[in-house]
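Novice: Here you go, one structure.
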Amino acid sequence: MKFSVVTILPELIAPALTAGVVGRAREAGVITVETLSPREFTSDKHRTVDDSPYGGGPGMVMKPEPLLAAISQLAGDPPAHRILLTPGGTPLTQARVRELVTLPHLVLVCGRYEGIDERVIELAIDEEISIGDYVLSGGELGALVVIDAVSRLVPGVLGEATSVDDESHSAGLLEYPQYTRPHALGDRTVPAILTSGNHAAIASWRRAQALERTAQRRPDLFARFHPTAADRKLMPPPLASRTHLALVHHPVVDRTGKIVTSSLTNFDIHDLARSTLTYGLAAYHIVTPITSQREKAQHIASLWLEDQAGAPPTRKPPASGSRAHALALVRTADSIDTVIDELTAEYGVAPLVVGTSARPESFPAAARRSPSELLAEASLIPGPVLILLGTGWGLADSLIHSVSRVLTPIEGGSDWNHLSVRSAGAILLDRLFDRCVGRPA
Ligand code: 4GY
């Protein structure tokens with residue numbers, strides 16, 4: 001594999017590629033690296049490669065002609081893929097590195113100063129790559145990054161021991177933690193499983209560590225990762241399947257801020273039940289201290305559930321008071337504490353209780369979470385999550401003590417902010433559980 005680097009500072013390139021696996025690969029002739037400076041294509045006595053920008057402004061721009069000449073001298077043999085290193089390029093990923101290694105020849109073009117004349121990009125660049133969201137003083141370090149990442153995938157560069165096969169098994173995940181001697185470093189000893197001699201158990205532990213680290217540190221990567229069936233056994237159950245929604249009718253506030261008990265509405269029962277089913281939540285709890293209202297809610301829910309031909313069998317309306325009650329999609333309770341007690345009994349661990357409020361300032365700052373923060377946090381703990389939605393003008397502040405997290409409010413950007421509870425609930429569920437991130441229609 002051949003790398004050609006266009007740079008006005010060639011002395012930055014070669015010395016960085018003499019040691020390690022890349023150095024050995026060069027010595028073995030598995031990869032070659034050449035450099036060429038645009039300065040070789042100037043004819044004035046100062047060998048000028050920059051000029052001031054049209055339109056004014058600070059700094060200098062790389063002149064097009066010397067750059068174009070250097071690129072075209074290098075790019076022909078064999079025909080090259082021409083890459084510009086720039087913060088404005090497509091972020092480099094391991095997936096792209098695996099594609100680049102299939103090409104016989106890369107020309108890596110390094111800008112300096114404020115940048116290069118745009119027409120060079122139009123005429124002589126095939127792809128713009130960024131190695132990260134920061135600004136270097138030139139593209140050379142970016143070119144070295146590309147050479148290093150690509151070279152180690154060239155067959156024969158890495159030894160058998162550090163196999164690329166092993167890496168593709170963990171593609172899209174962060175690495176599991178590594179340990180070597182001594183067994184005890186002060187009071188820190190190596191995890192016992194690694195000295196157990198049980199290779200299958202070690203492999204599962206490492207996989208679980210990689211999954212957990214990725215979920216915790218890189219939720220963006222984790223969202224795009226497709227766990228296998230075996231992976232799922234190592235992970236807590238999907239958050240939606242252990243998330244409970246509670247529609248709270250007491251204690252809530254009215255328009256004047258007074259604590260009241262609101263009345264049931266048909267729409268809230270129906271719409272939030274549909275959202276609960278759509279997003280795969282465990283259950284929807286209608287919370288009111290008024291017995292007749294609970295009966296009415298159960299009746300409305302039963303009629304609706306009976307109508308749902310496609311609803312899963314365990315989601316059928318239960319005979320009231322039966323054991324099946326615990327599995328019902330729509331449940332009723334006289335208070336939030338009753339729901340908390342039920343979930344504690346059902347899961348063997350108390351739920352993480354999450355409040356929603358248009359005024360989260362009344363909750364401790366440490367408890368406030370954005371939907372993605374809550375998702376990252378709750379995905380790692382295996383127990384149930386209970387999300388409280390307030391009817392009327394919202395949950396009463398007196399609930400602060402029952403709530404351990406509060407979600408940032410939904411804001412539309414206008415002065416008026418009073419979504420219906422079923423709209424707010426649906427938007428919230430979508431923010432937490434939508435499955436369309438990055439997926440084509
Ligand atoms: N980030 N990823 C990067 C960079 C320096 C001004 C254009 C980066 O790849 N390259 O910061 N490059 C700039 C400096 C001219 C290149």
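Novice: Return the pairs, sorted by first residue and then second, in which the second residue is near the ligand (Cβ under 6 Å from one of its atoms), the first residue lies in region 126-149 and is in a helix (DSSP H, G or I), the beta carbons are less than 6 Å apart, and the residues are 6+ apart or on different chains.
Specialist: Listed by first residue and then by second, the contacts come to Gly142/Leu85; Gly142/Ile131; Ala143/Leu85; Val145/Ile131.
Residue by residue, here is whether (1) within 16 Å of the ligand (Cβ to nearest atom); (2) not small (Gly, Ala, Ser) holds:
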position	(1), (2)
Ala70	yes, no
Gln73	no, yes
Pro78	no, yes
Leu85	yes, yes
Thr90	yes, yes
Ala95	no, no
Leu100	yes, yes
His105	no, yes
Leu108	yes, yes
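Novice: Of the conditions (1) exposed (fewer than 15 other Cβ atoms within 10 Å of the Cβ); (2) among the charged types (D, E, K, R); (3) at pLDDT 90 or above, Arg439 clears all except one; give me its number.
Specialist: Only one criterion is unmet by Arg439, namely (3).
Novice: Does Leu158 meet the test of being in a helix (DSSP H, G or I) and either free of Cβ contacts under 8 Å to residues at least 40 places away in the same chain or of a type in the set (A, V, I, L, M) (or both)?
Specialist: On the way: in a helix (DSSP H, G or I): no; either free of Cβ contacts under 8 Å to residues at least 40 places away in the same chain or of a type in the set (A, V, I, L, M) (or both): yes.
In short, no.
Novice: Kindly indicate whether Ser151 is modelled with pLDDT under 95 and surrounded by 11 or more Cβ atoms within 10 Å (Cβ to Cβ).
Specialist: Working: modelled with pLDDT under 95: no; surrounded by 11 or more Cβ atoms within 10 Å (Cβ to Cβ): yes.
Here the answer is no, as Ser151 does not meet what is asked.
Novice: Please tell me if Ala223 is out of contact with any Pro (no Cβ under 9 Å at 6 or more places or on another chain), closer than 18 Å to Leu380 by Cα and in a helix (DSSP H, G or I). Full working, then the answer.
Specialist: Details: out of contact with any Pro (no Cβ under 9 Å at 6 or more places or on another chain): yes; closer than 18 Å to Leu380 by Cα: yes; in a helix (DSSP H, G or I): yes.
Yes.
Novice: Please enumerate the residues belonging to region 154-176 that are farther than 30 Å from Thr35 by Cβ, at pLDDT 95 or above and either among the aliphatic types (A, V, I, L, M) or in contact with a Pro (Cβ under 8 Å, 6 or more places away or on another chain) (or both).
Specialist: Restricting attention to region 154-176, the residues satisfying the condition of being farther than 30 Å from Thr35 by Cβ are 160-161, 163, 165-166, 168-176.
Narrowing further to those that are at pLDDT 95 or above: 173-176.
The answer is Leu173, Leu174.
Novice: Still on this structure, please answer the following. Going by the structure shown, is Arg47 assigned to a loop (DSSP other than H, G, I, E, B) and touching a helix residue (DSSP H, G or I) at 6+ places or on another chain (Cβ under 9 Å)? First the steps, then the outcome.
Specialist: On the way: assigned to a loop (DSSP other than H, G, I, E, B): yes; touching a helix residue (DSSP H, G or I) at 6+ places or on another chain (Cβ under 9 Å): yes.
It is true that Arg47 is assigned to a loop (DSSP other than H, G, I, E, B) and touching a helix residue (DSSP H, G or I) at 6+ places or on another chain (Cβ under 9 Å).
Novice: Out of (1) part of a loop (DSSP other than H, G, I, E, B); (2) at negative phi; (3) aromatic (Phe, Trp, Tyr), what's the single condition that is false for Phe3?
Specialist: In the conditions (1) part of a loop (DSSP other than H, G, I, E, B); (2) at negative phi; (3) aromatic (Phe, Trp, Tyr), Phe3 misses (1) alone.
Each row is one residue, and each column tells you yes or no for (1) part of a loop (DSSP other than H, G, I, E, B); (2) of a type outside the set (A, V, I, L, M).
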position	(1), (2)
Glu167	no, yes
Ala171	yes, no
Pro177	yes, yes
Thr180	yes, yes
Trp205	no, yes
Ala208	no, no
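Novice: Considering (1) surrounded by fewer than 17 Cβ atoms within 10 Å (Cβ to Cβ); (2) over 18 Å from the mean Cα position of the chain (by Cα), say which one Phe225 fails and leave the rest.
Specialist: (2)
Novice: Among (1) aliphatic (A, V, I, L, M); (2) closer than 17 Å to Gly280 by Cα; (3) exposed (fewer than 13 other Cβ atoms within 10 Å of the Cβ), there is one condition Val385 misses while meeting the rest; what is its number?
Specialist: (3)
Novice: Okay, next question. Name every residue in region 183-208 that is more than 21 Å from Ala230 (Cβ to Cβ) and either touching a helix residue (DSSP H, G or I) at 6+ places or on another chain (Cβ under 6 Å) or surrounded by 10 or more Cβ atoms within 10 Å (Cβ to Cβ) (or both), in order of residue number.
Specialist: His183, Leu185, Thr189, Val190, Thr195, listed by residue number.
Novice: Still on this structure: When you scan region 91-125, how many residues do you find that are of a type in the set (D, E, K, R) and over 32 Å from the mean Cα position of the chain (by Cα)? Full working, then the answer.
Specialist: Pass one, region 91-125, residues of a type in the set (D, E, K, R): 96, 98-99, 112, 114, 117-119, 122.
Next, only the ones that are over 32 Å from the mean Cα position of the chain (by Cα) stay: 112, 114, 117-119, 122.
The total comes to 6.
Novice: Shifting gears a bit: Which ones in region 126-141 are within 6 Å of the ligand (Cβ to nearest atom) and exposed (fewer than 13 other Cβ atoms within 10 Å of the Cβ)?
Specialist: The answer is Gly132, Tyr134, Val135.
Novice: Looking at Leu144, Leu123, which is the one that is touching a helix residue (DSSP H, G or I) at 6+ places or on another chain (Cβ under 6 Å) and more than 7 Å from the ligand (Cβ to nearest atom)? Let's see the steps before the verdict.
Specialist: Details: Leu123 fails: touching a helix residue (DSSP H, G or I) at 6+ places or on another chain (Cβ under 6 Å).
The unique qualifying residue is Leu144.
Novice: Within the set of pairs 6 or more residues apart or between chains, which connect a residue that is more than 21 Å from Lys233 (Cβ to Cβ) inside region 184-205 to a residue that is surrounded by 10 or more Cβ atoms within 10 Å (Cβ to Cβ) with Cβ atoms less than 7 Å apart?
Specialist: Between residues of region 184-205 that are more than 21 Å from Lys233 (Cβ to Cβ) and residues that are surrounded by 10 or more Cβ atoms within 10 Å (Cβ to Cβ), the close pairs are Thr189/His183; Val190/Tyr179; Val190/His183.
The values are calculated or read from the model by the stated rules, or taken from the named source; none is laboratory data. Nothing here was measured: the structure is a model prediction, and the numbers come from that model. As a convention, Cβ positions derive from the backbone with ideal geometry for all residues, glycine included, and neighbour counts pool all protein chains shown.
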